[in-house]
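The values are calculated or read from the model by the stated rules, or taken from the named source; none is laboratory data. Worth saying up front: this structure is predicted, and the values here are computed from it rather than measured. Cβ placement follows ideal geometry from the backbone for every residue including glycine, while neighbour counts extend to all protein chains displayed. For accessibility, only protein heavy atoms count, side chains too; no ligands or nucleic acids. Shrake-Rupley method; radii C 1.70, N 1.55, O 1.52, S 1.80 Å.
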Amino acid sequence: MGFTTNGFRIATVRGIEVRVHWSWLAIFLVLSWTLADTGFFGQYTAWPLAQRWALGLITMLLFFLSVLAHELAHSLTAQHYGMRVPSITLFAFGGVSSIAGEMQTAGQEFRVAVVGPLTSWAIAIICGALWLVIPASAANTAVGYLGSTNLILGLFNLLPGFPLDGGRVLRSIVWARTKDLPKSTRIAANGGRVVAFGLMALGLYTLFQRDSSGLWDILIGLFLHNAAASSYRELMAEILLRDIPARLLMVPPPPPVEANQTLVSIVDERVTSSLDRVFLVRRADRVVGLLSVTDIVRVPRGEWLTKLAGEAMVPAEQVLTITPDTGIVDAMRIMQEHDVHQLPVLEDGRLVGMVTLAEVVRQAEIRLRGGQGRPDRKSTRLNSSH
């Protein structure tokens, strides 16, 4: 599944950062409460609510670990094929393994995709066996819940459409038959849209039957629809821009701002009057950092009158950079992994341009609309003291 790499880190497994998105915390508490109050543990009415809450939290924590096992299966299989996996992020509707790069063969894609659902089913079988041997109790109820949810998780993820595992399985099958990766990607993305609309239709029907659970189907369908479109754009960008070096997409950075300029003057003079969203910061004709609109908005508005660019910037030594020969797909991955929207391009220690995520997306969209030629923007060489 594709979603986001934002969140906070909780662990590292074989070099893979395990992150939890804030949305997971919300769903974790909601489902824990549901289990404790009206769900599986609601039958233990003689128990104090705190005890049922504790069981609900423990059960959801075990489910959390089973989703992590599902994603680790994808990630470790990808590592087996020599691919880099920077992170795994768990969020409200499941998880995503951030795998850097495209699969080299349809067989690799199939195996990396299918191992996740197989892992979920293996957990379901183990829980089912435990459910059969554990006497009727809260523990029996918990393993029964975990078994059924992992069974459903495996089945749901095999629905044939991006960004689900089944979408990648579908793409691998079409890819193996047609040898056409863009066509295979388009078919899998369309499958994701069909699945999303089907879930939304089911949700609306359920709501008309006065069953509020249909709202979940609608929300999941909306999420899948957006994620299918996003995954398609990202995958096609990697396919269509894979041979493009940064020098062909870099753009000239806007004129630098002075380190002793206040943030309010930069906003008034530069941000509101142009489309510039990132600036080099200069002190005594030397570039000392990078300041983005994101850095500015992190500062409380009341401090803009006194806060200087040199205080809010990212120091030059901490700024991620690339070279003119860096592949644009590699640049895109760096931006995604580090949650930045631009990268300075340095050649022999000189600033020669900027690669922005907006320009990468624009070039990908040009190609998606059928313009398969070379980039329509030429490189511009600059001196860092300008």
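Sticking with the crude label model, points 7 Å out along Cα→Cβ, report the distance from residue 366 to residue 125 in nm, one decimal please.
5.2 nm
Whenever you get a sec, compute what percent of the accessible area on the chain sits on carbon and sulfur atoms (1.4 Å probe). Each step should come with its number before you reach the end.
Values: 11630 of 19040 Å².
Result for the chain: 61 percent of the exposed heavy-atom area is carbon or sulfur.
Can you give the net charge of the other residues whose Cβ lies under 15 Å from the Cβ of residue 223, counting K and R as +1 and D and E as -1? Intermediate values should be presented prior to the final figure.
Numbers: positive: 193; negative: 217.
Net charge in that neighbourhood comes out at 0.
If Lys and Arg each add +1 and Asp and Glu each add -1, what is the summed charge of the other residues whose beta carbon sits under 11 Å from the beta carbon of residue 316? Before the final figure, lay out each step's value.
On the way: positive: 282, 283, 286; negative: 317.
My count for the surroundings of residue 316 gives +2.
For residue 219, project a label point 7 Å along Cα to C-beta. Then give me every residue of the stretch 168-211 with its amide nitrogen under 19 Å of that point.
Answer for this model: 196-211.
Express in nm, to one decimal, how much length is gained between residue 76 and residue 183 on full extension, taking 0.36 nm for each residue of separation and deducting their alpha carbon distance. Kindly include the intermediate steps, with their values, before the conclusion.
Details: separation 107, 0.36 × 107 = 38.52 nm, distance 2.75 nm.
Gain in length upon complete extension: 35.8 nm.
Suppose R0 equals 45 Å. What FRET efficiency, 1/(1 + (r/R0)^6) with r the Cβ-Cβ distance, do residue 201 and residue 316 give to the nearest 0.05? Show your work: numbers first, answer last.
Details: r = 53 Å, r/R0 = 1.18.
The computed FRET efficiency comes out at 0.25.
By the scheme Lys and Arg +1, Asp and Glu -1, what is the net charge of all other residues having a beta-carbon under 9 Å from that of residue 175? Numbers along the way, then the final one.
Values: positive: 171, 177, 179, 183; negative: 109, 180.
Here the charged neighbours net out to +2.
Where in the stretch 239-324 are there GluC sites (Glu not before Pro) that are in a DSSP coil and have at most 10 other Cβ atoms within 10 angstrom of their Cβ?
Values: sites: 258, 269, 303, 311, 317; in loops: none.
Hits after loop and neighbour filter: nothing returned.
I'd like the accessible area for residue 120, computed on protein heavy atoms only with a 1.4 Å probe and all protein chains in place. Round to 10 Å², please.
Its accessible surface works out to 0 Å², give or take rounding.
Go ahead and estimate [θ] at 222 nm for the chain from helices alone: -39,500 (n - 2.57) per DSSP H run with n ≥ 4, summed, over the residue count, rounded to 500. Can you show the working numbers first?
Values: 12 runs with 202 residues, N = 386.
About -17500 deg cm²/dmol.
Any idea what angle helix 138-157 forms with the longest principal axis of the chain, computed on alpha-carbon atoms, 0 to 90 degrees, nearest 10?
Orientation of helix 138-157: about 50 degrees from the principal axis.
To the nearest 10 square angstrom, how much accessible area does residue 133 have with a 1.4 angstrom probe?
110 Å²
Mind sorting out which of (i) 37, 22, 21; (ii) 44, 27, 19; (iii) 35, 31, 18 is the real semi-axes √(5λ) of the Cα gyration tensor in Å computed from the coordinates?
So the calculated entry is the one marked (ii).
What accessible area per residue, rounded to a whole number of Å², is obtained for the stretch 213-336 using a probe radius of 1.4 Å? Could you put the intermediate results ahead of the total?
Numbers: 6020 Å² over 124 residues.
Per-residue value: 49 Å².
Using DSSP to call loops (not H, G, I, E or B), can you name the trypsin sites (Lys or Arg not before Pro) in the stretch 185-263 whose Cβ has at most 16 other Cβ atoms within 10 angstrom? Mind showing how you got there, number by number?
Values: sites: 186, 193, 210, 233, 242, 247; in loops: 210, 242.
Within the stretch 185-263, the qualifying trypsin sites (Lys or Arg not before Pro) (loop, at most 16 other Cβ atoms within 10 Å) are 210, 242.
Per 0.36 nm of contour for each residue apart, how much would the distance between residue 22 and residue 8 grow if the chain were fully extended, relative to their Cα-Cα spacing? Show your work: numbers first, answer last.
Working: separation 14, 0.36 × 14 = 5.04 nm, distance 0.80 nm.
The residue 22-residue 8 span can extend by a further 4.2 nm.
What is the gain in length, in nm to one decimal, between residue 233 and residue 64 on full extension, counting 0.36 nm per residue of separation less the C-alpha to C-alpha distance?
Details: separation 169, 0.36 × 169 = 60.84 nm, distance 2.90 nm.
Taking residue 233 through residue 64 to full extension adds about 57.9 nm, to one decimal.
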